[in-house]
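J.: Okay, here's the structure, questions in a sec.
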Amino acid sequence: MKPIHGVNMGNWLVLEKWMKPDVFASTNTEDETWLSRKMPPEALKAHLKQHRDTYVTKEDFRRVKEAGLSTIRLPVPYQVFGDRPPLVGCIEYADLAFDWAEELGLKILLDLHTVPGSQNGYDNGGLTGVCKWCKNPEEVEFALSVLDRLAERYGKREGLYGIEVLNEPISWIVYISAPSTGKAVDKQEAKGSGYVPLPFLREFYTRAYKVLRRHMGVEKTVVFHDGFRIGSWNRFFRRSGFENVALDTHIYIFAMEMFVPIHRPWVYDLFTRINAWRVRQAQKAIPVIVGEWCICNRYADRMGKKVMAGADMAREQREKYNDVARVQLKYWNQADGWFYWNYQLLRDRSEPMDESWKESWDFCRCLDHGWLSQDMIKE
């Protein structure tokens, strides 16, 4: 497969509070499910319409193109078709995304980012602290029906790069260490939560592939997340008989820093090289995409609150972020593709972030600050 370089359009159709907290301000909720439960239906529809109409526009797709990227990874929720009230659908915005992408010569990787009952218990799974989807056969079938309808609607579109079956189904080790585990608002609703077992995930992936191929030719890619178990898939994919597939893995220096207290460039280089080796091992059986990564790191961010102290401080911070960007791109460019998380956090580029470390998650601000550049992307 030809290497793809792209960016995620997160927080547009699947909300994440940490990225734009004011969307949740009126309800003091932590995820999209509880936002939808707390707001009156008509107020919710108007609230989400205002967000979706303004958060991403055609000009943003144009900027992606101008940055030298080819593909947008577009997270969509399980209620995308508007059939799971009180959650509000958003299929018309996915339609717009394809229209814009095709006009500008971009491709879209559609990513089913949430499922009912959640596959990871994260806010990005739609319901914090709950992870029960895989234990509910009816909801498993519903997720397959969403994939079927997405493939039927977009499978022949020129702008479709492919469809990702499911974002971040959680492993045991990640589940027990995740900050969101045990943080459900409704403890009864969370009862029975747990990780997504590998045998279940293999069976689900096999069924999902067949569902998608009903409507998608082999020129479109079917993407599978590694479930935080990148080393567990080689035999499965060698024996699967699947055509034109890819494995998605998410690798964050920021996540590593939660467990490793040394925040130095050599640690980042070691972490990245180890993960690059794991990617190469997986590539022996299947193309691998680094579907989420960013340059956020505490080494560079320490000076985030001091940037306004002067040009020298700003230049030093820029150089540190440049170093972290280059060490990652050196390796991620050896993968079969990558997507930066995220295109933006706040729509208004002049609006200060509530916490300085968020700046480096924002692709647009990274370009504006010179922390990333087109030259780095093309190297």
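J.: Going toward the positive end of the dipole of the range 182-323, with +1 on Lys and Arg Cβ and -1 on Asp and Glu Cβ, which of Pro287, His263, Asn275 do you reach last?
T.: Pro287
J.: Sticking with this structure for a sec: Using the scaling law 2.2 N^0.38 Å as the reference, what is the normalised Cα Rg of the range 86-154?
T.: Working: Rg = 14.1 Å, N = 69, 2.2 N^0.38 = 11.0 Å.
The value comes to 1.28.
J.: What number do you get for the range 159-278 when its Cα radius of gyration is normalised by 2.2 N^0.38 Å, N = residues?
T.: 1.26
J.: Give Lys107/Lys284; Lys17/Lys358; Lys20/Lys330; Lys20/Lys358; Lys2/Lys330; Lys132/Lys183 a once-over and call out the pairs whose C-alpha atoms are over 19 Å from each other.
T.: Over 19 Å apart, Cα to Cα: Lys107/Lys284; Lys20/Lys330.
J.: Still on this model: Mind ranking 277-286, 338-347, 318-327 by how tightly packed they are, going by the mean number of other C-beta atoms within 10 angstrom, highest first?
T.: Top of the packing list down: 338-347, 318-327, 277-286.
J.: Taking a quarter of the surface of the convex hull around the Cα atoms of the range 228-379, what do you get in nm²? Display every interim value, and only then the final one.
T.: Details: hull surface 39.7 nm².
If you wrap the Cα atoms of the range 228-379 in a convex hull and average its projections, you get 9.9 nm².
J.: A follow-up question, please. Regarding the chain, what are the three Cα extents along the principal axes, ordered largest first, in Å?
T.: 58, 50, 44 Å, listed from the longest principal axis down.
J.: Here is a further query. Against the globular-protein guess of 2.2 N^0.38 Å, express the Cα radius of gyration of the range 6-164 as a ratio, rounded to two decimals.
T.: 1.02
J.: Would you list Ser177, Ser26 from the most to the least accessible area, probe 1.4 Å?
T.: Descending accessible area places them as Ser26, Ser177.
J.: Also: Beyond 12 Å, what share of the Cα-Cα pairs of the range 254-305 is found? Please give it as a whole percent.
T.: Value for the range 254-305: 70 percent of Cα pairs lie more than 12 Å apart.
J.: Another question about this same structure. Which percent of Cα-Cα pairs in the range 173-240 sits in each 5 Å bin, short to long?
T.: In order of increasing distance, the bins hold 3, 12, 20, 18, 15, 13, 10, 7, 2 percent.
J.: Find the percent of Cα-Cα distances in the range 1-54 that exceed 14 Å, and round it to a whole number.
T.: That tail contains 56 percent of the Cα-Cα pairs.
J.: Also, quick follow-up: Suppose each label sits 7 Å from its Cα in the direction of the beta carbon; what would the Thr57-Arg326 distance come out to in nanometres?
T.: Simple spin-label model gives 3.6 nm for this pair.
J.: Can you tell me which of 184-191, 265-272 comes out highest on packing, and rank the rest after it, using the mean Cβ neighbours within 10 Å?
T.: 265-272, 184-191
J.: OK, next. Protein chains only, probe 1.4 Å: how do Asp368, Asp226 rank by accessible area, largest first?
T.: Result of the area sort, largest leading: Asp368, Asp226.
J.: Next question, about the same structure. Taking 7 Å along the Cα-to-C-beta vector as the label spot, tell me the Asp354-Arg202 distance in nanometres, rounded to one decimal.
T.: The modelled label-to-label distance comes out at 4.3 nm.
J.: Of Ala43, Asn136, Ile108, whose Cα points farthest to the positive end of the dipole of the range 30-167 (charges on the beta-carbon: +1 Lys, Arg; -1 Asp, Glu; origin at the Cα centre)?
T.: In the range 30-167, that residue is Ala43.
J.: May I pose another question? Any idea what Rg and Dmax come out to for the range 324-377 if you just take the C-alpha atoms, in Å?
T.: 12.0, 35
The values are calculated or read from the model by the stated rules, or taken from the named source; none is laboratory data. Bear in mind that the values here come from a model prediction, so they are computed numbers and not experimental data. Using ideal geometry, Cβ is built from the backbone for each residue, glycine included, and neighbour counts are taken over all protein chains shown. The accessibility values were calculated without ligands, DNA or RNA, using every heavy atom of the protein model including side chains. Shrake-Rupley method; radii C 1.70, N 1.55, O 1.52, S 1.80 Å.
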